[in-house]
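Asks: One structure, pasted below without further comment.
The values are calculated or read from the model by the stated rules, or taken from the named source; none is laboratory data. These numbers were taken from a predicted model, which means no experiment stands behind them. All Cβ positions, glycine included, derive from the backbone under ideal geometry; neighbour counts span all protein chains shown.
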Amino acid sequence: MATQTKAIPNAPVAVRRSEGVWRDAWKRLRKNRLAIVGGFGVLLLAFAGIFGPMLAPHPYQVQDIAAVVANGNEPLPPFQDMNHPLGTDQLGRDLMSRLLDGAQVSLTVAMVVQLVVLFIGVPLGAIAGWVGGRLDTYLMRVTDIFYAFPDLLFIILMSVAFRETAFGRALNGVLLVFVAIGLTSWVTVARLVRGQLLSLKETEFVEAARAIGVNDRNIVTKHLLPNAIGPVIVAVTLGIPTAILAEATLAYLGIGVQPPRASWGTLINDGVNQIRVYPWLVLMPGTLIALSLMSFTFLGDGLRDALDPKLKGKQ
Amino acid sequence: MVGFIIRRVLWLIPVLFVVSLITFAFMHMVPGGPWSYEKQLNAGTINRLNAIYHLNDPIWQQYLTWLLGVLRFDFGPSFRYSDRTVNDILADGWLTTVHLGAMAFGLSVFVGIPLGIIGALGHNRLPDYVATAVSMVGIATPSFVLAILLIVIFSVGLDWFPSRGWKGPDTWVLPVVALSGYQIAQIARYTRASMLEVTRKDYVRTAHSKGIRNTAVVVRHMIRNALIPVITILGPILAFLVTGSFIIENFFGIPGIGRNYIAAIGGRDYSMIMATTIIYAFAVAFLNLIVDVMYAYIDPRIRYS
């Protein structure tokens, strides 16, 4: 070393607080009122899904026949009897308890589907983008095939095909449907990660990492994927409403959650024939589906705006 | 460009082949067979039926038989309706399905794009809030819930439209609206975001500073550029509208091919399941191909090699 620097003890050092990407994004997200409202909706759904059984006034499958008989053989309307705050269905089952049970189903579908998406989509996209060449072409052809598969048809067929196996019976038959939904939705994330890696692997920090001898695996997992994570978070958040919607649609068709358990889709299916007489039996689960879809969409949109550096300083 | 199209069309063949293979495998894993009626048939009858429909052949041979048939556009006999082939059933239904999908597509485009443009031009003012609210409702309401609400309001309540059937323009309204709700919202959101992006572009500022009238800037410079990304989602949307209509068909009792699918799985009508899946997969892949080609046509900067 030609020059030597001597540290001066106790010298005042100008500390520049570094503003990381995440702190920056959080700042922008906080200013987005819709995203915050969406975030609260998501937290509320998570809370209801986790603590639902404890909050529920009754177990979801217990029939309070006496209450229905006392009401002239009609389901109790909401806000009439404090014992059943949101009323009951025709079998005397407490609607609030059933809605809370449905929240758990929706929360589970949101998580399981996105876990499947991450476990398949991120590795496949990363390998395709990093290795490139012929392997990339083959993997992208595989995504083409999954893309061409009609989603709902695939899910219905798969759930019927494996219904009798041990896997099909797991978690009352819902795990199979959730995994099937996940298998139809990972393509977007795989393409996204691939695209990100394709552009990121040409950057200087990768060259630098290579120059100091970091091996391929560490370059991908420690340098490339963390940089690609923003768009993935957005895609996963925006994928959740699609998954919840698919679950509700399938449940409405009688596929997935089996009675006496309830999902918001099955509740709608149960109530649709008497909608003229007892509209709340359909309107309440319908509203909850709508609110959770909206919450995730608002939050996802907000995250995209917050994490997208293109918009930096423009809004 | 021609080379690109040819390669993409040829690529459809392996895609459809793999889709048919997976469907065939899954379908034969489904427990029970086409003859599992509530009333048990005796073993001799089942055996004879199996022989007639080639179900005693090894599974690979059954697949080959099916594949050779499809190459001649023959989807085989239906396992449920002894007097009709799958081709007959599809011939009856496909026009209705395409009709429904095309009308819903038209409605989605002609409502969704203007809605998005209005929202962007009135950014953060009343028109924007109205347009955003409409598209939020569209995104958050599943098609079957929308269908229920439409029937309750316009069929039961106001008695404007019938709640079932497919016999004339008045029976078309509710299913088409129910099917397009989500897509209108999607298109509006994309258009709005894309228009807002374009508003900030230099060429728009240049156009304004040249003194071009505002309407001309909007129509000639902004909308034309803003619609390019919107076109990418039109392919999946059209594919969804044609293939995703089976819930609406079920709900409104519309005699399309989608309605047959759920019945076919329930009744293990093997040839019908295969036919609908393949046709839907073809529709999705083909429509995406058309969008890719259109994309290059509309945006001269895109070149496929």
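Matching residues to (1) out of contact with any Lys or Arg (no Cβ under 6 Å at 6 or more places or on another chain); (2) basic (Lys, Arg); (3) within 7 Å of chain B (Cβ to nearest Cβ):
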residue	(1), (2), (3)
A:123	yes, no, no
A:128	no, no, no
A:145	yes, no, yes
A:153	yes, no, yes
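Asks: Somewhere in segment B:177-189, is a residue out of contact with any His (no Cβ under 6 Å at 6 or more places or on another chain), within 14 Å of chain A (Cβ to nearest Cβ), under 19 Å from residue B:120 (Cα atoms) and among the charged types (D, E, K, R)?
Replies: Yes, that holds for at least one residue.
Asks: Ok, one more. Take residue A:181 and decide whether it is of a type outside the set (Lys, Arg) and part of a helix (DSSP H, G or I).
Replies: In short, yes.
Asks: Name, by its number, the condition in (1) surrounded by fewer than 19 Cβ atoms within 10 Å (Cβ to Cβ); (2) in contact with a Ser or Thr (Cβ under 9 Å, 6 or more places away or on another chain); (3) touching a residue at least 12 places away in the same chain (Cβ under 8 Å) that does not hold for residue A:90.
Replies: Tallying (1) surrounded by fewer than 19 Cβ atoms within 10 Å (Cβ to Cβ); (2) in contact with a Ser or Thr (Cβ under 9 Å, 6 or more places away or on another chain); (3) touching a residue at least 12 places away in the same chain (Cβ under 8 Å), residue A:90 fails exactly one: (2).
Asks: In segment B:188-246, which residue that is in contact (Cβ under 8 Å) with a residue 60 or more places away in the chain and over 30 Å from residue B:100 (Cα atoms) is nearest to the chain's Cα centre (by Cα)?
Replies: My answer is B:196.
Asks: Ok, one more. Going by the structure shown, is residue A:183 within 14 Å of chain B (Cβ to nearest Cβ) and either in contact with a helix residue (DSSP H, G or I) (Cβ under 9 Å, 6 or more places away or on another chain) or within 23 Å of residue B:281 (Cβ to Cβ) (or both)?
Replies: yes
Asks: Separate question: Identify, please: which residue in segment B:70-83 is surrounded by 13 or more Cβ atoms within 10 Å (Cβ to Cβ) and modelled with pLDDT under 75 and is, among those, farthest from residue B:268 (Cα to Cα)?
Replies: Going through the qualifying residues, I end up with B:74.
Asks: When you go through B:159, B:170 one by one, which is the residue that is over 18 Å from the mean Cα position of the chain (by Cα), without any contact (Cβ under 8 Å) to a residue 12 or more places away in the chain and part of a loop (DSSP other than H, G, I, E, B)?
Replies: B:159
Asks: If residue A:76 satisfies every condition in (1) modelled with pLDDT under 75; (2) outside any helix (DSSP H, G or I); (3) out of contact with any Gly (no Cβ under 6 Å at 6 or more places or on another chain) but one, which is the exception?
Replies: Of the numbered conditions (1) modelled with pLDDT under 75; (2) outside any helix (DSSP H, G or I); (3) out of contact with any Gly (no Cβ under 6 Å at 6 or more places or on another chain), the odd one out for residue A:76 is (3).
Asks: Just the residues that are within 11 Å of chain A (Cβ to nearest Cβ), in a helix (DSSP H, G or I) and buried (at least 18 other Cβ atoms within 10 Å of the Cβ), please, taken from segment B:121-148.
Replies: B:132, B:135, B:136, B:138, B:139, B:140, B:143, B:144, B:145, B:146, B:147, B:148
Asks: When you scan segment B:99-127, how many residues do you find that are among the charged types (D, E, K, R) and touching a residue at least 60 places away in the same chain (Cβ under 8 Å)?
Replies: 0
Asks: Suppose we filter segment B:7-21 for residues that are in contact with a Ser or Thr (Cβ under 9 Å, 6 or more places away or on another chain) and at the interface with chain A (Cβ under 9 Å from one of its Cβ atoms); how many remain?
Replies: Residues in segment B:7-21 being in contact with a Ser or Thr (Cβ under 9 Å, 6 or more places away or on another chain) and at the interface with chain A (Cβ under 9 Å from one of its Cβ atoms): 1 in total.
For (1) crowded, with 18+ Cβ neighbours inside 10 Å; (2) modelled with pLDDT under 85, each residue gets a yes or a no:
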| residue | (1), (2) |
| --- | --- |
| A:114 | yes, no |
| A:130 | yes, yes |
| A:137 | no, yes |
| A:145 | yes, yes |
| A:151 | yes, yes |
| A:157 | yes, yes |
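Asks: Count, please, the residues in segment A:41-84 that happen to be within 27 Å of the chain's Cα centre (by Cα) and among the hydrophobic types (A, V, I, L, M, F, W, C).
Replies: Counting residues in segment A:41-84 that are within 27 Å of the chain's Cα centre (by Cα) and among the hydrophobic types (A, V, I, L, M, F, W, C) gives 12.
Asks: Still on this structure, please answer the following. Could you grab me the full set of residues in segment A:256-278 that are away from chain B (no Cβ under 11 Å) and among the basic types (Lys, Arg)?
Replies: Passing the criteria: only A:261.
Asks: Moving on to the next point. Just one of B:165, B:69, B:106 is in a loop (DSSP other than H, G, I, E, B) and more than 14 Å from chain A (Cβ to nearest Cβ); which is it?
Replies: B:165
Asks: Filter segment A:130-143 for residues that are among the β-branched types (Val, Ile, Thr) and within 14 Å of chain B (Cβ to nearest Cβ) and give the result.
Replies: A:137, A:142, A:143
Asks: In the set A:280, A:264, which member is surrounded by 22 or more Cβ atoms within 10 Å (Cβ to Cβ) and of a type in the set (Phe, Trp, Tyr)?
Replies: A:264
Asks: Also, I was wondering about something else. Please pick out the residue among A:253, A:283, A:245 that is within 22 Å of residue A:164 (Cα to Cα) and at the interface with chain B (Cβ under 9 Å from one of its Cβ atoms).
Replies: Going through A:253, A:283, A:245 in turn, the sole match is A:253.
Asks: Does residue A:235 satisfy the criteria of being within 30 Å of residue B:258 (Cα to Cα), modelled with pLDDT of 85 or more, buried (at least 16 other Cβ atoms within 10 Å of the Cβ) and touching a helix residue (DSSP H, G or I) at 6+ places or on another chain (Cβ under 9 Å)?
Replies: For residue A:235, the condition - within 30 Å of residue B:258 (Cα to Cα), modelled with pLDDT of 85 or more, buried (at least 16 other Cβ atoms within 10 Å of the Cβ) and touching a helix residue (DSSP H, G or I) at 6+ places or on another chain (Cβ under 9 Å) - is not met.
Asks: Considering each residue of segment A:185-228, count those that are without any contact (Cβ under 8 Å) to a residue 60 or more places away in the chain, of a type outside the set (A, V, I, L, M) and either assigned to a helix (DSSP H, G or I) or within 30 Å of residue A:160 (Cβ to Cβ) (or both), and give that number.
Replies: Number of matching residues: 12.
Asks: Residue A:163 versus (1) over 20 Å from the mean Cα position of the chain (by Cα); (2) closer than 26 Å to residue B:281 by Cα; (3) assigned to a helix (DSSP H, G or I): which is the lone unmet condition?
Replies: (3)
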